[in-house]
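Inspection log for the structure reproduced underneath, given as structure tokens.
The values are calculated or read from the model by the stated rules, or taken from the named source; none is laboratory data. Computed from a prediction, not measured in an experiment: that's the story for all the values here. Cβ placement follows ideal geometry from the backbone for every residue including glycine, while neighbour counts extend to all protein chains displayed. Areas reflect the complete protein model, heavy atoms only, side chains present, ligands, DNA and RNA absent. Shrake-Rupley method; radii C 1.70, N 1.55, O 1.52, S 1.80 Å.
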Amino acid sequence: MEQLSEAHLRYLMTIYDLAHTMLDVRAAEVAKVLQITKPSVTKMLGVLMDKGFLVRERYGKIYLTDSGFLLAKEFKKRVALLQTLIPKMGLALSEEELSLTAGLLAASLPEHAFSAPGA
């Protein structure tokens, strides 16, 4: 997986998830889900467009490119795997903390960690 920050990957995963529930994804929806300001989303969308992971049309519709789609899908799988493994550590985490921790860990672990048997 290309070296991206957890924030980059979280944005891609959010857009990926929204695209499965609504016809047109826009910055306002991303901001609402991530609970951040629309200007912050707009800035990050520019970064992700420059990296070739998404396209933003003139009227604000956001689409993942093929590479953005595949990256988001893989990241989502890794987060889901970690969300099943982390509770086995006996940590007292809320669902929100578990989700955040899994995302941070998925973005931080090397690729080979997910290609091991059982992963």
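Worth a mention:
- Sites Lys88 and Tyr63, calculated FRET efficiency, Cβ-Cβ separation with R0 41 Å, nearest 0.05: 0.65
- Label-point separation in nm, Glu96 to Ser108, each point 7 Å along Cα→Cβ: 2.0 nm
- Accessible heavy-atom area order of Glu96, Glu111, highest first, probe of 1.4 Å: Glu96, Glu111
- A Cβ-based charge dipole, computed about the Cα centre of the chain with Lys and Arg at +1 and Asp and Glu at -1, lands at about 240 debye.
- In Hz, Karplus ³J(HN,Hα) per residue of segment 36-49 (6.51, -1.76, 1.60; θ = phi - 60°; x = Gly, Pro): 9, 6, 4, x, 5, 5, 4, 5, 5, 4, x, 4, 5, 5
- Rounded accessible area of Arg78 (nearest 10 Å², 1.4 Å probe): 10 Å²
- Percentage relative contact order, segment 8-54, counting C-alpha pairs under 8 Å, at least six apart: 30 percent
- The chain, relative contact order [Cα under 8 Å, separation at least 6], %: 28 percent
- Inter-centroid distance (Cα atoms) of segment 1-57 relative to segment 68-110, Å: 18 Å
- Nearest-ten-degree value, helix 6-19 long axis tilted from longest Cα axis of the chain: 70 degrees
- Met22/Leu70 FRET efficiency (R0 22 Å; Cβ-Cβ; nearest 0.05): 0.60
- A 1.4 Å probe run over the protein chains yields, for the chain, 62 Å² of accessible area per residue, whole-number rounding.
- Dipole in debye (nearest 20) - segment 63-119, about Cα centre, beta carbon charges: Lys, Arg +1; Asp, Glu -1: 160 debye
- Taking the Cα atoms of the chain, the ratio Rg/Rh between the radius of gyration and the Kirkwood radius comes to 0.99.
- Taking amide H as placed 1.01 Å from N in the peptide plane, Leu54 has its amide H under 5 Å from the amide H of Met49, Thr65, each at least 5 places away in sequence or on another chain.
- Straightening the chain between Glu6 and Lys38 buys 9.7 nm, computed as 0.36 nm per residue apart minus the Cα-Cα spacing.
- Segment 17-119, accessible surface, carbon-and-sulfur percent (1.4 angstrom probe): 59 percent
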